[in-house]
1. Would you check which residues across region 184-200 are surrounded by fewer than 13 Cβ atoms within 10 Å (Cβ to Cβ) and assigned to a loop (DSSP other than H, G, I, E, B) and list them?
2. Residue by residue through region 122-171, note down the ones that are on the phi > 0 side of the Ramachandran plot and touching a strand residue (DSSP E or B) at 6+ places or on another chain (Cβ under 8 Å).
3. Given the conditions (1) of a type outside the set (Phe, Trp, Tyr); (2) surrounded by 14 or more Cβ atoms within 10 Å (Cβ to Cβ); (3) touching a residue at least 12 places away in the same chain (Cβ under 8 Å), and given that Arg178 satisfies all but one, which numbered condition is not satisfied?
4. Given Glu77, Glu62, Glu92, which one is in the same structural domain as Ala126 (by TED's automatic domain parsing) and closer than 23 Å to Ile160 by Cα?
5. Every residue in region 89-103 that is free of Cβ contacts under 8 Å to residues at least 40 places away in the same chain and within 16 Å of Tyr9 (Cβ to Cβ), please.
6. Taking the conditions exactly as written (modelled with pLDDT of 95 or more, out of contact with any His (no Cβ under 9 Å at 6 or more places or on another chain), among the basic types (Lys, Arg) and closer than 22 Å to Ser109 by Cβ), does Arg30 satisfy them or not?
7. I'd like the full set of residues that are closer than 17 Å to Pro83 by Cβ, in a loop (DSSP other than H, G, I, E, B) and touching a Lys or Arg at 6+ places or on another chain (Cβ under 6 Å), limited to region 15-43.
8. Starting from residues that are of a type in the set (Ser, Thr, Tyr) and surrounded by 15 or more Cβ atoms within 10 Å (Cβ to Cβ), keep the ones in region 88-147 and report whichever is modelled with the lowest pLDDT.
Amino acid sequence: MRKLRIGVYGGKFDPIHIGHLLCAEWTRERFELDKVLFVTSANPPHKKNGVLDARLRHEMVEAGIRPNCYFEACDIELNREGPSYMLDTIKELRERYGDKAELFLLLSSEYLEPDNAWRLDKWHGAEELFSLCTILCFPRAGTALAQIEDWSKQIAGADIRALACPSPPVSSSLIRERVSQGLSVWYMVPAEVWRIIRDRGHYADPNHPALRQSCTRFSLAKPRTWLSALRRGTRACLWR
C-alpha cells in the first residue's frame, strides 16, 4: 500500500504571504505530496522577537491556506511548551501518522547557506531529524538550483532534494513595514489574510496616520450606489 506523502512546512508566518504559499504549492506538486502541514512556530529558537502572538499568527495561517484543499494548518507547536524545535514536531507527527506516512520537511535554501548561523546541520538534534524525514528545499530569491545542490552536499547525513520555483520578492518583514506605514499589501498576502490584518489592526502603527482602506462590494447593476460612493471618496472595489 502506498504511504501518504506529507509535507511539513514550519515558520513564524508573521504574516503568511504569497511566497510561502507559492513555494509550498510548487513543492507539493513537484514531489507529489498528498498534503502540506503549515506548522506555526510558537517559540522559534532562532527568531525570539516575534511581533504577534502565535495564536494570532496561526489564525492568519488558517485563513490563508483555506482555499487549497491540499494545505492544512497545524497547531502542534502551539500546544507544546518550550522552544519550538522541528525535531520534536517531526517525532510527534511520526507518532501521529505511524508507518502509514512519509514525512518531508519543506525548507528555504537560506538554511543551507554555509555562513548561516542556523544552517540546517546546526539545528537541535539535526542528525536524528535527518533520519526521520526527507528535506525538500526551494530557492530563496536569487539562489540558483545548482547552488542549492552544491550546499546540500556539504550537509552530511541529510537526504536533501532541491527544486526550482518562483521566489517572489515578498517577505513578512516587508509586509509588516508597509502596513505600519499605511501602504498597500494587496497581492502580497491572500485577501483572507489582509482582511484579518486590516480588521484586527495587526502591525499598525498607532502614531502613524495610516490609511484604512474601506473595501465595500459594489454591484455594477446598481450604478447609482457606486457613483455616490465615489463622490463620497470611498475607495470602491468592484466585484463581478
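The values are calculated or read from the model by the stated rules, or taken from the named source; none is laboratory data. Since the structure is predicted, the reported quantities are computational estimates derived from the model, not experimental observations. Because the Cβ atoms are built from the backbone with ideal geometry, glycine has one as well, and the counts that use them run over all protein chains shown.
1. Listed by number, the residues that qualify are Ser184, Tyr187.
2. From region 122-171, those on the phi > 0 side of the Ramachandran plot are 125, 142, 157; that's our starting set.
Scanning region 122-171 gives no hits.
3. Going through (1) of a type outside the set (Phe, Trp, Tyr); (2) surrounded by 14 or more Cβ atoms within 10 Å (Cβ to Cβ); (3) touching a residue at least 12 places away in the same chain (Cβ under 8 Å) one by one, Arg178 breaks only (3).
4. Details: Glu77 fails: closer than 23 Å to Ile160 by Cα; Glu62 fails: closer than 23 Å to Ile160 by Cα.
None of the other options fit; the residue is Glu92.
5. Filtering region 89-103 for residues free of Cβ contacts under 8 Å to residues at least 40 places away in the same chain gives 92, 94-96, 98.
Once the filter is applied, which keeps residues that are free of Cβ contacts under 8 Å to residues at least 40 places away in the same chain and within 16 Å of Tyr9 (Cβ to Cβ), region 89-103 yields only Glu92.
6. Numbers: modelled with pLDDT of 95 or more: yes; out of contact with any His (no Cβ under 9 Å at 6 or more places or on another chain): yes; among the basic types (Lys, Arg): yes; closer than 22 Å to Ser109 by Cβ: yes.
Judged against the criteria, Arg30 is a match.
7. The initial filter retains those residues of region 15-43 that are closer than 17 Å to Pro83 by Cβ, namely 39-43.
Next, only the ones that are in a loop (DSSP other than H, G, I, E, B) stay: 41-43.
Of everything in region 15-43, just one residue is closer than 17 Å to Pro83 by Cβ, in a loop (DSSP other than H, G, I, E, B) and touching a Lys or Arg at 6+ places or on another chain (Cβ under 6 Å), namely Ser41.
8. Kept after step one, since they are of a type in the set (Ser, Thr, Tyr), are these residues of region 88-147: 89, 97, 108-109, 111, 131, 134, 143.
Then keep just the ones that are surrounded by 15 or more Cβ atoms within 10 Å (Cβ to Cβ); that gives 89, 108-109, 111, 134, 143.
Values: Thr89: 98, Ser108: 95, Ser109: 96, Tyr111: 96, Thr134: 98, Thr143: 91.
Across region 88-147, the extreme among qualifying residues is Thr143.
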